[in-house]
Amino acid sequence: MSDTRTAPKFTRTASHQLLSDGAARSRVAPPETAPTVSVDKPTAFTPPPRRTQGDAVLRIIFGLLWVVVAAFKLLAAFITKFSDYLTTMSVGAARSRVTAPETAATVSVAEPETAATVSLAKPETITLSPRRTQAIGVLRIIFGLVWAVDAAFKWSPAFINKFSDYLAGAKDGQPQLVKDWIDFWVKIVKVDPHVFAHLVAVGETAVAIGLILGAFSNLTYVVGGVLALVIWTTAEAFGGPYHVGSTDIGAAVIYVIVFAGLFLATAGRYLGLDTRLARHLPGRWADLASGRIEA
């Protein structure tokens, strides 16, 4: 008899179904790639040529002020030594000096030179690094803290109650022209000394806040510069009196130059609120902040 056996047929049971489902669930999906985050590099600010030229002019003016201070000191020392020399010099010896006749000088007339051609190169633009711009902002904040300290003194009762006396005391030892100028302001202040004292205190406080926050910086620089100039010409009496032994020309005039430097550097743009304020101020009102620059 022939073998009629056939291969057994396997059916898909419930156990096989569970095994296949478990294997499908155990599959691990490939890890997703982390999203790419792009960090914008801080943009460097390129000031226009007019601002860079203004910085150079301001640096020269500031240097001239220091030259004036040094000249006062040198002149005082020279006058002292020269007066000592005159007292020790013999008058008779000076009269006995005989000068030899001078020989006629030969005058040579040079031919006129041709006019030189001067080529003016276009000023190069300077790109400030982010570190430099942040340093400008820090300098503005420090200057604001100095004004905050000054404003704190102005709110003291001693200053408010004796404001007119404080202003009149600057006349001591001054020339008559300076005395007349201070007297003019004293007469105005005596109308109501307390009001003018509070105006000075409020003005210095507002300048300090504007410098620290970097808000409405252009307006702050103008108000601070005018206020410092008024203080220098009245309470500081132009830095005088100037005589032998004078050592400086007053501090308030230096404040005026610092305000001009901050304006030229557009310091309110850095670590300040001016950039945001300029976007929301309409038209020419944006010029009160230093966020918008036109070459």
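Just so you know, all these numbers are worked out from the coordinates, no wet-lab data involved. The model shown is predicted, which means the values in this text are computed figures rather than measured ones. Don't worry about glycine lacking a Cβ; one is built from the backbone with ideal geometry, like all the others, and counts go over all protein chains shown.
Neighbour counts of C-beta atoms inside 10 Å place Thr205, Thr266, Thr220, Thr247 in the sequence Thr247, Thr205, Thr266, Thr220, starting with the fewest.
Under a Cβ-Cβ cut-off of 11 Å, what is the net charge of the residues other than Ala251 that fall near it, where Lys and Arg count +1 and Asp and Glu count -1? For residues surrounding Ala251, the net value is -3. Label positions at Asp165 and Val195, each projected 7 Å from the Cα along the C-beta direction, are separated by 2.3 nm. Residues Trp232, Trp155, arranged from fewest to most other Cβ atoms within 10 angstrom of their Cβ, appear as Trp155, Trp232.
May I ask you to compute the full-extension gain from Ala152 to Ile188, defined as 0.36 nm times their residue separation minus their alpha-carbon distance, rounded to one decimal in nm? Gain on extension, Ala152 to Ile188, equals 10.5 nm. Look at the Cα gyration tensor of the range 220-288: its axes a ≥ b ≥ c give a/c of at least 1.5 with a/b over b/c, and that counts as prolate.
For the pair Val226 and Ile254, the difference between a 0.36 nm per residue extended length and the Cα-Cα distance amounts to 8.8 nm.
Between the range 160-183 and the range 187-216, what's the alpha-carbon centroid distance in Å? Between the Cα centres of the range 160-183 and the range 187-216 lies a distance of 19 Å. Between Gln53 and Asp180, the modelled label-to-label distance comes to 3.9 nm, taking each label 7 Å out from Cα in the direction of the beta carbon. Neighbour counts of C-beta atoms inside 10 Å place Asp180, Asp274, Asp150 in the sequence Asp180, Asp150, Asp274, starting with the fewest.
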